[in-house]
Every structure is written in structure tokens, then in C-alpha cells.
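One structure below.
Just so you know, all these numbers are worked out from the coordinates, no wet-lab data involved. Just so it is clear, the structure is predicted and the values come from calculations on it, not from any experiment. Note that we place each Cβ from the backbone using ideal geometry, even for glycine, and neighbour counts take in every protein chain shown.
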Amino acid sequence: MRHALLLTAALWTSLPAFAADDWTSYSNSRFGYSAAVPPGFTLGKEADNGDGATFRSDDGRSELSLYGTMLETGEFAGEARKRLDADRAAGWTITYDKVTNGWASYSGARSADILYVRGIALCDGNAAYFHLRYPRDRLKSLNSVIGRLVKSLRPAAGCEQAPQQAPGAAQH
């Protein structure tokens, strides 16, 4: 029994900081969405226009942006493809993308960084996104974080037009 306790204690202390359940919640009333923020990320800046916020990892190597936006055409899939194309034009080599009428995910690499983007349709012709940019050497350690972020990005209660449960993140 003592060996099992020691093994459990050793395993627990060897887990990354984000394995603990001390995630915080971010909610945006302007666009009506919420998402979880992983441990080790602190608020860097809230947007002056109220559309979202940027969080930085404690080591300064990763950045999480959460934001809402009005769909110019009112059609989520087309707008998501425009964002994907804009990231390609900005030099990101997109290695995975899936765009539907209710949600979109894509990821890619540029230099030593990885980008993962998730978006969901919201009510009233709006959408919510998160962009997570992090160094390539954190790829494996952040896969579970990305999965939880994807599941946590949700429309506010009462928004019946938006997908309530979007599929999980694709593995990199």
C-alpha cells in the first residue's frame, strides 16, 4: 500500500501544471460566449471594443486569444474559410482544417510556432473564436489543453441556433 501511495504521489507531482483542475472561465456578454482558460495563462489584455481578451502563458511563450465577431455575410462557414485563408496569407502552413456551418477548426505551423484555431457560430449572426499560438516543443503537452478548450468554447445559454456540442479537437 505504501508503495502505491508513493507511486501515486510521484505521478501526481510529475504531471504538468495544466493537468490540475484549476482552469478559469472567461465569459463575453457582448457576443454571448464563454470558454475555459487553462492554468498557467493570465490575462494580458481585454479588447477595448469588448469583443474578447488575450491571455499569455506564464513563461511568455504561448498566447491564447478569445474573441467574438459579427459575421459580415451572416454565414459562418464562408467567414471561417476567409479567416483560414488570411492565416495562410500570413505565412501559416495549414496542416489540418475542417469547416462546417456550425463550427470550424484548423491548425498549422510557421517557423517554430504552432497555431490552433477554433470557431463556433453564435446567435444573431455572430461567431466566437479562440486562437492558441504556442512553440512547437509544447505540441504534445498541449494536445489535452486544446481538447478541453475546444469543448469549452460555447454560446451563452439560450442561443439555440449555435451548436451546443462541437466535436473534439483533432490530434496534431
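Compute log10 of I(q)/I(0) for the stretch 11-114 with the Debye formula, placing one identical point scatterer on every Cα and leaving out solvent, at q = 0.10, 0.13, 0.23 Å⁻¹, to two decimals. Once normalised to I(0) and log-transformed, intensities are -0.37, -0.63, -1.35.
Taking amide H as placed 1.01 Å from N in the peptide plane, Tyr96 has its amide H under 5 Å from the amide H of Ser107, each at least 5 places away in sequence or on another chain.
Cross-link reach is defined here as a Cα-Cα straight distance under 20 Å, omitting same-chain residues fewer than 8 places apart; for Lys45 the aspartates and glutamates meeting it are Asp58, Asp59, Glu63. The length gained on full extension between Thr42 and Arg133, counted as 0.36 nm times the residue separation minus their Cα-Cα distance, comes to 31.3 nm.
In terms of the mean number of neighbouring beta-carbon atoms within 10 Å, the peptides 79-91, 54-66 order highest first as 54-66, 79-91.
Average projection, convex hull of the Cα set of the stretch 65-149: 5.3 square nanometres.
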